[in-house]
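*Asks:* I have a structure here, written as structure tokens, and I will follow up with some questions on it.
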Amino acid sequence: MLAADPGASIAAIAAEAGVDRRTVYRRFSSREDLLTAIYVSRLGAIEHAIADARLHEAPVGVALHRYVENIIAVNRTWLVDLARVLADDRVRARRDACVREVDVFLERATSEGLLRPGLPPGWASALLPQLMHLVSRQMPALSPARAADVVVDTLLRGLGAP
């Protein structure tokens, strides 16, 4: 509901959930608390997706595909982009740790020859989330696995080693 209408009221959210708004307020003291809980849940799903991809242990091509497939599934499950919740230092620190882990992995992908060297610093790190976001939203008929095929192929043909 918040993906469709980011300004949705607690009353509207409660009605959609089939509960009274007082029920929502018993669990969340404010709309901001509800949004924070949603983002923290999304962040937990992202952390699980990263861990499941085994970015440090798995062969780099396998880890890349698994990471992309996992994140596409997260993007499709947790549709709300709650960047403004990053004002919470703990949430921002967790998100930043995820970003750093993926950046280190992409450096590994470059050093192992999957991505070509010499690109501007941070280019792959900036491009990959955009590709995953795009396929998550614009190609909902593709399964997460097939969508990951498209993203990885696009990334490697544009950034892949010759």
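The values are calculated or read from the model by the stated rules, or taken from the named source; none is laboratory data. A quick note: this is a predicted structure, and the numbers were derived from the prediction, not measured. Positions of Cβ are generated from backbone atoms using ideal geometry, with glycine treated the same way; all protein chains shown enter the neighbour counts. Heavy atoms of the whole protein, side chains included, go into the accessibility calculation; ligands, DNA and RNA do not. Shrake-Rupley method; radii C 1.70, N 1.55, O 1.52, S 1.80 Å.
*Asks:* Per residue, how large is the accessible surface of the stretch 62-162? Use a 1.4 angstrom probe and give square angstrom.
*Replies:* 57
*Asks:* Follow-up. Just to confirm a number: summing +1 for Lys and Arg and -1 for Asp and Glu over residues other than Ala148 whose beta-carbon lies under 10 angstrom from that of Ala148, what do you get?
*Replies:* Neighbourhood net charge equals -1.
*Asks:* Another question about this same structure. Taking the Cβ of Arg54 as the centre, find all other residues whose Cβ is under 15 Å away and add up their charges (Lys, Arg: +1; Asp, Glu: -1).
*Replies:* -4
*Asks:* Helix 31-53 sits at what angle to the longest principal axis of the chain, using alpha carbons and giving 0 to 90 degrees rounded to 10?
*Replies:* Approximately 30 degrees, to the nearest ten.
*Asks:* What residue among Ala109, Ala14, Ala51 shows peak mean-square fluctuation when the chain is described by a Gaussian network model with Cα springs under 10 Å?
*Replies:* Ala14
*Asks:* Where does helix 123-138 land angle-wise versus the long Cα axis of the chain, in degrees 0 to 90, nearest 10?
*Replies:* Taking Cα atoms only, the helix is inclined about 50 degrees.
*Asks:* Hey, got a sec? Which chymotrypsin sites (Phe, Trp or Tyr not before Pro) in the stretch 29-83 land in a DSSP loop and have at most 10 other Cβ atoms within 10 Å?
*Replies:* In loop regions of the stretch 29-83 (DSSP not H, G, I, E or B), there are no sparsely surrounded chymotrypsin sites (Phe, Trp or Tyr not before Pro).
*Asks:* Could you tell me which residue out of Leu128, Gln138, Phe105 lies farthest along the dipole of the stretch 30-138 toward its positive end? Charges go on the beta carbon: Lys and Arg +1, Asp and Glu -1, centred on the Cα centre.
*Replies:* Farthest along the dipole direction, towards plus: Gln138.
*Asks:* What is the percent of Cα-Cα separations in the stretch 53-106 that go past 16 Å? Spell out each step's value before the answer.
*Replies:* Details: 760 of 1431 pairs.
Percent of Cα pairs beyond 16 Å in the stretch 53-106: 53.
*Asks:* What percent of all Cα-Cα pairs in the chain falls in each 10 Å bin, counting up from 0?
*Replies:* Pair shares across the bins are 10, 35, 31, 17, 7, 1.
*Asks:* Accessible area of the chain with a 1.4 Å probe: how many percent of it is carbon plus sulfur?
*Replies:* 56
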